[in-house]
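The values are calculated or read from the model by the stated rules, or taken from the named source; none is laboratory data. A quick note: this is a predicted structure, and the numbers were derived from the prediction, not measured. Counting neighbours? That spans all protein chains shown, and the Cβs are built from the backbone with ideal geometry, glycine included.
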Amino acid sequence: MMQKPLFILGETILSGQSKTIDMEIARLHSTSKLKIPVIIERSEIDGPVVLFSAAIHGDEINGVEIVRRILIEKINKPKIGTIICIPIINMFGFINKSLDFPDGRDLNRVFSGSKTGSLASRFAYHIVTEIMPAVDYAIDFHAGGASRFNAPQIRIAPNDDDLTLLAAIIVAPFTFYSTNI
């Protein structure tokens, strides 16, 4: 069964289509546009939409390499459903080797964001309103950053049998249940 069209960041992505959408919501101090690539691969067959993302904290670079390898090894080309990859969400922090956005805020702590808030809050708002409505499952890679220890873990919503099963398949040493976004 063919998939219904997917709408992300004002673009339509049809069944069987591959598309990279550059998410632009700000500029660097040089006035150069800062583009965050959102790479979408859709199969012809209906199925779940899975998001792989990394570098919400710009200094957590391990996940960037994981998502890059998913792309290079073409693991992002599904037989069923859709895979969305965002290798670097916090491009500001990544460029500056910093956890935070230039406004000093931790992007991971401002979700669900605000249309008129701080830079980090506006960015979170665009992710929540323009990408996440299309997503069934999201895997966001964190690494602990430059001076923070982070044990391998899975965080999932409580009382969700599908997520509990998926967490068991991944086999991380720790699974945490959280209602946070």
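Of the residues making up the stretch 33-65, those that are surrounded by fewer than 17 Cβ atoms within 10 Å (Cβ to Cβ) and farther than 23 Å from residue 126 by Cα number 6.
The rows are residues; the columns are (1) of a type in the set (Phe, Trp, Tyr); (2) modelled with pLDDT of 85 or more; (3) not in a strand (DSSP E or B).
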{"position": "1", "(1), (2), (3)": "no, no, yes"}
{"position": "4", "(1), (2), (3)": "no, yes, yes"}
{"position": "7", "(1), (2), (3)": "yes, yes, no"}
{"position": "15", "(1), (2), (3)": "no, yes, yes"}
{"position": "19", "(1), (2), (3)": "no, yes, no"}
{"position": "23", "(1), (2), (3)": "no, yes, no"}
{"position": "26", "(1), (2), (3)": "no, no, no"}
{"position": "29", "(1), (2), (3)": "no, no, yes"}
{"position": "40", "(1), (2), (3)": "no, yes, no"}
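Name the residues in the stretch 164-179 that are free of Cβ contacts under 8 Å to residues at least 24 places away in the same chain and not in a strand (DSSP E or B), would you? Scanning the stretch 164-179 gives 164, 165, 167, 168, 169, 170, 171, 172, 173, 178, 179. Within the stretch 44-56, is there a residue that is closer than 19 Å to residue 143 by Cβ, in a loop (DSSP other than H, G, I, E, B) and within 13 Å of the chain's Cα centre (by Cα)? Scanning the stretch 44-56 turns up at least one residue that is closer than 19 Å to residue 143 by Cβ, in a loop (DSSP other than H, G, I, E, B) and within 13 Å of the chain's Cα centre (by Cα).
Counting only strands (runs of 3 or more DSSP E) wholly contained in the stretch 78-162, the ones carrying 2 or more residues that are not assigned by TED's automatic domain parsing to the domain that holds residue 43 occupy 153-156.
Yes or no, residue by residue, for (1) more than 27 Å from residue 15 (Cβ to Cβ); (2) surrounded by 14 or more Cβ atoms within 10 Å (Cβ to Cβ); (3) modelled with pLDDT under 90:
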| site | (1), (2), (3) |
| --- | --- |
| 80 | no, no, no |
| 93 | yes, yes, yes |
| 98 | yes, yes, yes |
| 111 | yes, yes, yes |
| 115 | yes, no, no |
| 124 | yes, yes, no |
| 127 | no, yes, no |
| 133 | no, no, no |
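Test residue 75 against the stated conditions and say whether it is in the same structural domain as residue 14 (by TED's automatic domain parsing), of a type in the set (A, V, I, L, M) and either surrounded by 18 or more Cβ atoms within 10 Å (Cβ to Cβ) or in a helix (DSSP H, G or I) (or both). No.
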